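Only one structure is covered here, and it is reproduced in the block below.
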Amino acid sequence: MMGYILLIFLSTFLSVSMTSETFDAMEGEALVIKCPRWSSSVKTTWYYTDTNKIIPAEEEGSRIFSLNRFLWFLPTSREDSGNYTCVILFSNNHTRTFNMSVQVHPYKKGVCFPSQIRYPNDTGRGKIVCPTIDNYKNATIIQWYKDCKPLQGERYIKEEKYIFINKPRKEDDGYYTCQFIYTHKGNVFNVSATRIFISKAKEKHSPLQPQILFPKNKDVIEVELGTAFSLTCQALLGIRKQPLAHVMWDVGNIPVKELDTSRFHEKTRFFEGSAHEYYRETTLHITEIKKEDLQANFTCVALNEMKNTKATVMLKLKAQCEVGFPNVLLIAGALILLVAMAVSVILYQSFRVDIILLYREIFQPYSVKDDGKIYDAYVIYPKSRTNEANFVEYFVYQIMPDILESKCGYKLCIFGRDIYPGEDTASAIEKRMQKSRRLIILLTHHLINCKEPAYDQHIALYNALIQNDTKVILLEMEAIGTYEKLQESLRFIIKKQGTIKWKEQHTVHPQSLNSKFWKQVRYHMPLRLKPLSSSNAR
C-alpha cells in the first residue's frame with residue numbers, strides 16, 4: 001500500500017513523461033516485457049494500469065510477476081489482455097512512466113501464428129533475426145517456419161538468433177516464424193514470433209510522377225539586355241536510373257534543339273540522391289539577351305514513362321532608376337527613411353535571435369494547431385562502435401536533455417534512449433521521425449568519413465528533401481572545414497541554411513542556456529503546442 005501511495009505522489013508532483021507500447025502474444029506461450037534501461041534509475045515498479053494495483057515479485061505458484069525491468073507472463077492467458085505500467089524512479093527523484101498494452105490472441109488449430117503477431121523485416125538482404133528473443137534469457141530456437149511450413153534446405157544458414165538466406169529470390173518472400181523454448185526454474189515454455197521478409201536482391205527502377213524542384217511555375221526572372229544568362233531546371237524523376245527520363249527547355253513552345261539560332265544551347269547532367277532518387281538537371285545557356293526574349297515563354301519540360309510536367313518562366317528587364325528633380329525635402333525624407341530602415345534591418349539581423357527569444361520569453365506564444373506530433377526533435381548522431389565513452393554521446397545523453405528538456409520544456413527522441421529493446425529498429429526510427437517536428441543532425445568527422453550513412457540519416461534526409469515536411473537543424477560539433485566529403489544532400493542543406501557551430505569555448509560552460517550556441521538551437525526549435533489546461537503544461 002505504501003508503495004502505491006509513493007507512486008501516486010511521484011506521478012503527481014514530479015516531472016513525468018509518458019510513453020506507450022503494444023505487445024501481442026499467443027495464448028499459452030511465455031511473454032516477457034522489458035522496461036527501457038536508464039543508467040541513473042534506482043528502481044522500477046510495475047502495476048496494473050486499470051486497477052492501480054502493484055504487480056509483486058515472484059512467489060510460489062505465481063503466474064504474473066515482476067522484477068526490476070522485467071514483467072513475466074508464464075504462461076499467457078486470454079484474461080491477461082489489458083494495460084500495464086512501469087514507473088522508473090531516478091536518483092534525482094524524477095520519474096518516467098511507460099504504458100504497455102498487452103493483447104493475447106487465442107490459439108487456432110491449423111494456424112501457426114495470429115495475423116497480428118508480425119514484425120516487419122529490417123534488412124531484406126537475406127538475414128532474418130528472430131524477434132524479441134533477447135528478452136528471454138538462455139532461450140533456444142528449436143524450429144524455423146516459412147508460411148507455416150518447417151524451413152529446410154541448404155540455402156538456409158541457421159545461426160543462434162537468426163537465419164541467413166543465401167542469394168534470396170522472389171520466391172523467398174513470405175512470413176518466417178521462429179519457435180523457441182524458454183526455461184524458467186525448471187519449467188519449459190514455448191514462444192513464437194513471426195517476421196515479414198521481402199527480398200531486395202533485385203532492386204529495379206521505380207518511376208515517380210515528375211517533380212520540377214526549380215524553377216517554380218510562373219516565376220518572373222530579371223535580366224539585362226545584351227548580357228549572357230543561364231536558366232537551370234532540376235527535376236526528380238524516380239528511384240534509380242530511369243530508362244525514359246528527359247528534362248529539356250522549350251522557348252516559345254519550340255524545343256531548343258529545333259531552334260535555328262546559336263544563342264541557345266543546353267547542358268544536361270543527372271545525379272542520384274541518398275535514397276537512390278534519380279534527378280536530372282538541364283541548364284539553358286543564352287549567350288545574349290535580346291528584346292524578343294522578354295516576350296517569350298521559357299518552359300522546362302520533365303518527363304518519364306509515367307507522364308510529363310512543365311514549369312514556365314518569363315524574363316523581364318531589371319528596374320532602372322530615373323532621377324528627375326523632386327523636392328529637396330522629399331529626397332531628404334526618403335534618405336532618412338532609407339537610413340532608418342537600413343539601421344533597423346542591420347540591428348534586426350545582428351540581434352534577430354535574441355529578439356525572437358526575448359519575445360517568446362515575454363509573450364510565451366504557443367502553436368495553437370495540433371499537428372499530431374509527439375516529439376519536438378529527433379536527434380541523429382554518429383554511434384560509437386566501441387564501448388569507449390566520447391564527448392558526442394555525453395552531449396546527446398546529458399547536455400542536450402538538460403538544456404532542451406529540463407530547462408526549455410522540449411521533448412526529444414534519442415535513438416539509444418527512446419527506442420526500446422525488442423522494437424523493430426527500422427520501423428521504430430521511421431515512426432519516431434514521423435512524430436517529430438524537427439530533425440537534429442550532429443556533424444562530426446566520424447559521420448563524414450563513414451562510408452555507409454546510418455539508416456536514420458538516410459530517412460531524415462529523405463524526409464527533409466523529398467517529403468519536405470520536417471525541418472533540419474545541423475549542429476557542427478567539430479571543425480569540418482570544407483564540406484566536399486559530405487554527401488550531396490547534406491551539402492545542399494548546408495548551402496541553404498548553414499550550420500550551428502560548437503566552438504571550443506562552449507566546452508568550458510556546455511550547459512549555459514544563454515551561450516550563442518544554445519540561443520541558435522532554441523531559435524530554430526518549434527513553438528510548443530498550447531496546453532489544454534494547466535495540468536497538461538510542460
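Values quoted throughout were computed directly from the atomic coordinates according to the rules given, and no laboratory measurement underlies them. The structure presented is a predicted model; accordingly, all values stated were derived computationally and were not measured. FYI the Cβ positions are ideal-geometry reconstructions off the backbone, even for glycines, and counts take in every protein chain you see.
The table that follows gives values for the structure above.
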item	result
Calculated FRET value between Asn514 and Arg263, using beta carbons and R₀ = 41 Å, to 0.05	0.10
Straight-distance crosslink candidates among lysines, where the alpha carbon sits under 25 Å from Lys316 and sequence neighbours closer than 8 are dropped	Lys216, Lys218, Lys257, Lys267, Lys290, Lys291
Partners for Lys435 among aspartates and glutamates (Cα-Cα distance below 18 Å; same-chain residues under 8 apart left out)	Glu21, Asp370, Asp371, Asp376, Glu405, Asp418, Glu423, Asp424, Asp456, Asp469
Whichever aspartates and glutamates have a C-alpha closer than 15 Å to that of Lys503, once near sequence neighbours (fewer than 8 apart) are set aside	Glu476, Glu478
Under 5 Å, built H, 5+ apart or other chain: amide partners of Cys413	Ala377, Tyr378, Val379
Distance between modelled label sites at Lys185 and Tyr348, nm, 7 Å Cα→Cβ extension	7.1
Segment 395-448 shape via C-alpha gyration tensor axes, a/c threshold 1.5	oblate
Mean Cβ count within 10 Å, highest first, over the residues of peptides 494-502, 22-30	22-30, 494-502
Label-point separation in nm, Gln497 to Arg125, each point 7 Å along Cα→Cβ	3.0
HN-Hα J in Hz across segment 169-181 - Karplus 6.51, -1.76, 1.60, θ = phi - 60°, x for Gly and Pro	10, 4, 5, 7, 4, x, 9, 10, 10, 9, 10, 9, 10
Placed amide H near Ser515: partners under 5 Å, 5+ positions off or other chain	none
Rounded to whole Hz, the Karplus (6.51, -1.76, 1.60) HN-Hα couplings of segment 370-377, x for glycine and proline	7, 8, x, 7, 9, 10, 7, 7
³J(HN,Hα) computed for each position of segment 489-500 - Karplus, 6.51 cos²θ - 1.76 cosθ + 1.60, integer Hz, glycine/proline x	5, 5, 4, 4, 5, 4, 5, 6, 10, x, 10, 9
Lys471 long-range amide H proximity, modeled H, under 5 Å	Leu439
For segment 118-197: lysine pairs under 13 Å (alpha-carbon distance), excluding those fewer than 8 apart on one chain	5
Label point distance in nm, Cys450-Thr51, each placed 7 Å from Cα along Cα→Cβ	4.6
